[in-house]
Amino acid sequence: MHFDLTDLRLFVRTAEERNLTRAALAQHLSLAAASARIKALEAQSGLPLLFREARGVRLTSPGEAFLHHARGVLRQVDQLNRDLQDYGDGMRGHLRVFANTTAVTDFLPDILPPFLTANPRVNIDLQEKPNAEIARGVLDGRADIGIVAGQVDTLGLQAIHFSTDRLVLVTAQNHPFASRSSIAFADTLDEDAVGMNQGSTLQTFLAQVTEKLGKPLKLRIQLSSFDAMCRMIGAGVGIGIVPESAAGRYRESMNLALVRLTDAWSVRERYILVREQAALPGYAQSLMETLCGYYSPHADSSNPTALSS
């Protein structure tokens, strides 16, 4: 098929407006020119992309598929323009990183400042995403690097192991559970809980676990950081599930107790996801080396391994 970006933008706008007249106006085209462009797309594909109705248009099944890919192409073009603008502004590199909650709120704030200081002309766009969306983002090019933990379908991407973390139960030191050396997550569900905000990677994962157990968490409050969670837990508001690496740093200052979970899922391997490590620019590989080096000697950045689905 032969089409230009105007065709794609027109089609996407038509699908969103469900009206060709409004889409043509938004794209600064006459109705006749817009209609001709849509018909040309249909002629080239050999398939109807729109149903024409009295009050507007709606997508056919092939039209839905075309819309998905058109949005992807336009997203890539927009990213290309932004990246080139960065170079035009004197910036040598632009990295897009998708990462889970623990990475964004716990260890990347320690790792990124010295990296950015050492690389003053590299820009990083860091976004918190659920594990599954991280892999999809790297695969379709929305992210250069992904950081995930636990059992994740990597969609055929390279997965470089860099550390191991454990989820633990965190309580105030005077809580009845504080004296225990270990506990099953299911045995904690009758207690008031402190959690991360709705949509965070960790909270989404725990919701999936409790759904299988048939008993929800008794959430009293949901917060946006592990620091805030630990403050609430230390004050006796409730108990919470927190990465051991995060809880450990607040253990003494906030009078916390950390109790090992007996559930197998509490041990989480951390991986960097990339499409092809060797094809990444030098500054991207430098960030990966920095991340792996932060956890050395446990990290092994030389052996990409596929995770199980």
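The values are calculated or read from the model by the stated rules, or taken from the named source; none is laboratory data. Note that the structure is predicted; figures quoted are calculated from it, not measured. Glycine gets a Cβ as well: all are built from the backbone with ideal geometry, and neighbour counts include every protein chain shown.
List of remarks:
- Total residues in the range 151-184 satisfying the condition of being within 22 Å of residue 222 (Cβ to Cβ) and crowded, with 19+ Cβ neighbours inside 10 Å: the figure is 8.
- Enumeration of residues in the range 203-232 that are assigned to a helix (DSSP H, G or I) and either small (Gly, Ala, Ser) or over 24 Å from the mean Cα position of the chain (by Cα) (or both): 207, 213, 228, 231, 232
- Considering residues of the range 233-250 that are outside any strand (DSSP E or B) and β-branched (Val, Ile, Thr) only, the residue farthest from residue 184 (Cα to Cα): 237
- Residue match in the range 295-306 (condition: in a strand (DSSP E or B), surrounded by 18 or more Cβ atoms within 10 Å (Cβ to Cβ) and either outside the structural domain of residue 134 (by TED's automatic domain parsing) or in contact with a strand residue (DSSP E or B) (Cβ under 6 Å, 6 or more places away or on another chain) (or both)): yes
- Scanning the range 30-59 for residues that are within 21 Å of residue 2 (Cβ to Cβ), surrounded by 17 or more Cβ atoms within 10 Å (Cβ to Cβ) and in contact with a Ser or Thr (Cβ under 9 Å, 6 or more places away or on another chain) gives 34, 37, 38, 49, 50.
- Qualifying residue in the range 73-87 (condition: more than 29 Å from residue 199 (Cα to Cα), in contact with a helix residue (DSSP H, G or I) (Cβ under 9 Å, 6 or more places away or on another chain) and free of Cβ contacts under 8 Å to residues at least 24 places away in the same chain): no
- Residue 177 aromatic (Phe, Trp, Tyr) and out of contact with any helix residue (DSSP H, G or I) (no Cβ under 6 Å at 6 or more places or on another chain): yes
- Residues in the range 43-71 that are over 16 Å from residue 13 (Cβ atoms) and in a helix (DSSP H, G or I): 43, 44, 45, 61, 62, 65.
- All of 273, 291, 258 fail the test of being buried (at least 20 other Cβ atoms within 10 Å of the Cβ) and in a strand (DSSP E or B), apart from 273.
- Taking the criterion of being among the hydrophobic types (A, V, I, L, M, F, W, C) and on the phi < 0 side of the Ramachandran plot, the residues of the range 140-160 that qualify are 143, 145, 147, 148, 149, 152, 157, 159, 160.
- Restricting 236, 248 to residues that are at positive phi, at pLDDT 90 or above and small (Gly, Ala, Ser) narrows the list to 236.
- Hits in the range 141-199 (condition: acidic (Asp, Glu), part of a strand (DSSP E or B) and over 25 Å from the mean Cα position of the chain (by Cα)): 192
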